[in-house]
Structure formats: C-alpha cells, structure tokens
Amino acid sequence: MRLSANNLQIDIINALIKLDCSSEDLIKGSEYSLYKFEAGFNNISSIIDHFQTFKKFYFLNKDKDTEILALGSWRDFNSLYHYEDIERLIESHEFLKICGAQRFKAEADSLEWHGLEDCSYFIPKVLIESTPQGVDINVILPNSFFADEQNKKQVLHELAITLDPNPKHTLTDYNHITKSISETSKNQWNKIVKAAVSKINRSQISKIVLSRKLKVSFKNPISSYGQFKTLKENNSHNSYNILFQFSPHQCFYSVTPETLFKLDGRKIFIDSLAGTTKRGANKQEDDALEQTLLTNTKELEEHRHVSSYIEDTLANLASDIEITKKEQILKLKYIQHIHTKYEGVLNENAKRSDLITYLHPTPAVAGLPKPLAIELISELETNSRGLYAAPIGYFSKDKTEFAVGLRCALVDKTDLHIYAGCGIVKDSSAEKEWNETTNKMKNFTEVIKAKSWTNFH
C-alpha cells in the first residue's frame, strides 16, 4: 500500500485499526513493534512542515546515504544516565532509531534554550526513512497496542495527533527584520580573546574555542521550514542538513560539515576538522587561500591539536585505526577547512555511547585540556551554547551516526539566534577570529539577504 503525504494520517490509522499481533507484516520486539508502509513520495524534506506535531527530527548526513524524518515521541531520554537504556533498547529492537541531541555541556537555563533538557533523545512514533528502493513509513507501536481495545484506542489517538496535518504549511516564509545585534560586542570579544591568549601564554591551556551569537529579530514568527528549505538548497555539498524541533516554538538547525562519528556495524569513521579560511572570489584566489591555509602555522597547530586528541581517544576504544585522508582541504560554500579522516574498528567491549562520552567535545569545539577548556568557556563566553557544537544524530543497532552541531541557528518564535566559534591558540588575533565567525555565520546571514529582507546588515 503506497501512501500519499496528503492522506497519511487517515490511511495509517485505518490500516492500524484492522491490525492484530498475528499479522505477517508486523516486526515484533520485546517492548515495541514495527509496521511498515511504502510512501508514494520521494522527497522527505518537503513534508517536514506537513505535520503539526512539535517533536520533529530531520537528519540527512553529508554522505547522503541516510535520510530520516522522526515524528512524535513514545519515550524521551533526558539524562546521560539513560545511555544504558538506549543501548539495551536498540540491541533488542533492530528496527529502532533513537534520535535527538544533547547539550554541549551542562549549563544554567537561558531564555532562548528554555525547556531544553541536558539530553533530548526520543523513540519516534513515526519514522520516515529513505531506502535504495524508495521511502518507507515506519510506524512504531508500543506493545500495549495489542493488550486490549482500550490501549489500542489510546495508541491510535496519539498517532492521529502526531500525524495531524499542519494547516499553516503552505504559508509564505516572508518576514521583516526589526533588529539585528551581536550579543557579544566587538569590545567584549577583544577582551575575552585577550584573556584566553593570556592563559595560553601562561601555559594554563593550549587551545580554547570561543563562540559568539548573532540575534536577528523578526516582526512575525519565523517559518522554520521555509528557512530550512533555503538552507538545505544552499548548503548540501559536504554538509549535513539537520532540523530538530524540540518544543512548539523552538527549532534548531545545522548545516555542519563535521562528523563526530559514524558507526556502520563496528566500523568507525571520524573527522578531524579544524583550521579555517574563507573562500576566494575566483579559482585563483581560492587556490591561493588554500595553499596559505595549509602552510599557516597557527591553523596547522589548531588542526593537529584535534587530530592528536582523536588518535589518543581512539587508541582506547578501537583497533585497526587508519588515516584515510590527511590534512587536505574540505571546501564549503563560504569557508574551507583543513580535514583529516580516520577509520577504525570499535572494540567489542566498547558501546556506541562511549564514542560520545569520550570524543565529545573535541578540541575543535572546546579546547585542550578539555576540562579546563570547558570551565574557561563558561567563564568567558557571554552566550549559552545549548545545542551549538553539541552531538546530534541517532542510535540504531546496525548504524549510529552523530554530527557536531555547527553552522547552526535556533529559532525561538520571532528570534533567530545564529552561532559560530573559532579556535584560539597563542598566535590568535581577535580581529581575525571575529572575521572567521562572521564568515561561518554566512550560511544564515546570506540566506536572509537573499530573501530580500533589505533592512538586514
């Protein structure tokens, strides 16, 4: 049965009303079961805004071999202590994908990140997934569905709410800016970079990553999907496309180029991505900037801090570690990075969640030594990080993948909070680092300009 996006709710509920536990098409697990439908559409991202439910998670990896849209939640995991439950559930349910993210670090709640738990992982009610054969619509059912008629009605009611069509999804995403301000002023930035360099020169720390935030306020509530659609169109090359709506009015999106880790069976793939310059106006300038980047002592030092950390971490978690790409250039739309790629085999006694525990945060987004860098970030930065530079992705039995939430922004009603950071080492210049963060924000600021919001500057 092929389902169209327009009739998804009615067709799924009608099919499930007739379903019983003896169906040959049902895949049963100890706590949850799966019933699969074939979609009559191929473009998953085009239906993100079709549903009213606020718990939405869209994930397209940069290799373009995984694309999922998770809707609704049967169960939330809001603490790092829930890793054990997550591991147990995906081991016993080969069809489950547990999706979401966790904060960069534990921190006091802030106005823009209010309501975001330390961890925000969840078992989706519906998982729409791209496969080589097309698109599957996977409906996850708690096994209480088969207990009695009352439980069945309750599950169907919750699924109907999750699949309820959004009457606003055809509205225009045009809007008008009322204010744009960097919440870290240029003077503040100069002071915190100077303080960081001073600590580095006193050998208290070797590297720290500092971030800042640009807040753009609009007259009307922002169309999350309208913004994301344009971002996805403009930032597909060498980048993830991620959207996570974790509350009715808050939506995080990221077009990050950085893989925290990708796990296929026991095979691990990891990026070391640090050292940055802008793109050139033409090929000649672009190539010259690339060569300058690859010979820049400060940028190479920053990159090698990250690579050494990854190698040391993998030595305790994996075997057969190989460098498959060393200190080459990864080109993105507005900037280019020094890039090293690692592969290895996860040890049998290591868990998927160990990769998050020990890799995050890497020196690419925090610094070295890690505990002191995180402490200094809390002391110096003027903004809460929330999901900026945080692990975001999914767990499953056969594949698990997490990106680092960079090139990102948070929508909170009428406000768009844009985040960017840069690595500070002993030779860092506050002016150059300010310009680097400005370039990293262009994924969003250029989209705003292209939408003819002419009062943006």
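The values are calculated or read from the model by the stated rules, or taken from the named source; none is laboratory data. Every value quoted in this text rests on a predicted model; they were computed, and no experiment measured them. Backbone-built Cβ (ideal geometry, glycine too); neighbour counts: all protein chains shown.
In the set (1) modelled with pLDDT under 95; (2) touching a helix residue (DSSP H, G or I) at 6+ places or on another chain (Cβ under 9 Å), the condition left unmet by Asn455 is number (2). Evaluate the stretch 61-73: report whether one residue or more is in the same structural domain as Gln133 (by TED's automatic domain parsing), over 30 Å from Thr382 (Cα atoms), among the β-branched types (Val, Ile, Thr) and in a helix (DSSP H, G or I). No, every residue in the stretch 61-73 fails to be in the same structural domain as Gln133 (by TED's automatic domain parsing), over 30 Å from Thr382 (Cα atoms), among the β-branched types (Val, Ile, Thr) and in a helix (DSSP H, G or I). Identify the residue in the stretch 8-47 that is part of a strand (DSSP E or B) and of a type in the set (Lys, Arg) and, among all such residues, is nearest to Glu233 (Cα to Cα). Among them, the one singled out is Lys36. Just so you know, in the stretch 226-245 the residues that are assigned to a helix (DSSP H, G or I) and not basic (Lys, Arg) include one that is surrounded by the fewest Cβ atoms within 10 Å (Cβ to Cβ), and it is Glu233.
Tell me, please, whether a residue that is aromatic (Phe, Trp, Tyr) and more than 18 Å from Lys440 (Cβ to Cβ) can be found in the stretch 330-345. Taking every residue of the stretch 330-345 in turn, at least one turns out to be aromatic (Phe, Trp, Tyr) and more than 18 Å from Lys440 (Cβ to Cβ). Within the stretch 234-261, being farther than 18 Å from Ile329 by Cα and over 13 Å from the mean Cα position of the chain (by Cα) holds for Asn234, Ser247, Pro248, His249, Gln250.
Matching residues to (1) acidic (Asp, Glu); (2) touching a strand residue (DSSP E or B) at 6+ places or on another chain (Cβ under 7 Å); (3) at pLDDT below 95:
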{"site": "Leu243", "(1), (2), (3)": "no, yes, no"}
{"site": "Gln250", "(1), (2), (3)": "no, yes, yes"}
{"site": "Asp264", "(1), (2), (3)": "yes, yes, no"}
{"site": "Gly275", "(1), (2), (3)": "no, yes, yes"}
{"site": "Lys278", "(1), (2), (3)": "no, yes, yes"}
{"site": "Asp312", "(1), (2), (3)": "yes, no, no"}
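Applying the criterion of being among the small types (Gly, Ala, Ser) and at pLDDT below 95 to the residues of the stretch 410-428, the residue that is surrounded by the fewest Cβ atoms within 10 Å (Cβ to Cβ) is Ser428. Total residues in the stretch 324-347 satisfying the condition of being outside any strand (DSSP E or B) and in contact with a Lys or Arg (Cβ under 8 Å, 6 or more places away or on another chain): the figure is 3.
The listed residues are Lys298, Lys326, Lys341, Lys331, and the only one of them that is out of contact with any His (no Cβ under 7 Å at 6 or more places or on another chain), among the charged types (D, E, K, R), in the same structural domain as Ser272 (by TED's automatic domain parsing) and closer than 26 Å to Ser185 by Cβ turns out to be Lys298. Taking the stretch 221-240 on its own, how many of its residues are among the polar types (S, T, N, Q) and modelled with pLDDT of 85 or more? The number of residues fulfilling the criteria is 2. Val306: out of contact with any helix residue (DSSP H, G or I) (no Cβ under 8 Å at 6 or more places or on another chain), buried (at least 17 other Cβ atoms within 10 Å of the Cβ) and in a loop (DSSP other than H, G, I, E, B), yes or no? Here the answer is no, as Val306 does not meet what is asked. Is it true that some residue in the stretch 382-391 is of a type in the set (A, V, I, L, M, F, W, C), outside any loop (DSSP other than H, G, I, E, B) and assigned by TED's automatic domain parsing to the domain that holds Ser203? The answer is no, given that none of the residues of the stretch 382-391 is of a type in the set (A, V, I, L, M, F, W, C), outside any loop (DSSP other than H, G, I, E, B) and assigned by TED's automatic domain parsing to the domain that holds Ser203. Within the stretch 100-139, the set of residues being within 30 Å of Pro361 (Cβ to Cβ), in a strand (DSSP E or B) and of a type in the set (A, V, I, L, M, F, W, C) comprises Ala101, Cys119, Phe122, Ile123, Leu127.
Quick one: would you say Tyr342 is of a type in the set (Phe, Trp, Tyr), free of Cβ contacts under 8 Å to residues at least 60 places away in the same chain and closer than 18 Å to Thr259 by Cβ? In short, no.
A quick yes/no check of all residues on (1) surrounded by 13 or more Cβ atoms within 10 Å (Cβ to Cβ); (2) within 19 Å of the chain's Cα centre (by Cα); (3) closer than 15 Å to Ser224 by Cβ:
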{"residue": "Leu19", "(1), (2), (3)": "yes, no, no"}
{"residue": "Ser22", "(1), (2), (3)": "no, no, no"}
{"residue": "Tyr35", "(1), (2), (3)": "yes, no, no"}
{"residue": "Asn42", "(1), (2), (3)": "no, no, no"}
{"residue": "Leu60", "(1), (2), (3)": "yes, yes, no"}
{"residue": "Asp65", "(1), (2), (3)": "yes, yes, no"}
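Whenever a residue of the stretch 268-285 is within 21 Å of Ala420 (Cβ to Cβ), its partners that are of a type in the set (Val, Ile, Thr) and not in a strand (DSSP E or B), lying with C-beta atoms within less than 7 angstrom and at least six residues away or across chains, give the pairs Ser272/Val306; Ser272/Ile310; Ala274/Val306; Thr277/Thr292. The listed residues are Lys326, Lys331, and the only one of them that is on the phi < 0 side of the Ramachandran plot, without any contact (Cβ under 8 Å) to a residue 24 or more places away in the chain and of a type in the set (Lys, Arg) turns out to be Lys326.
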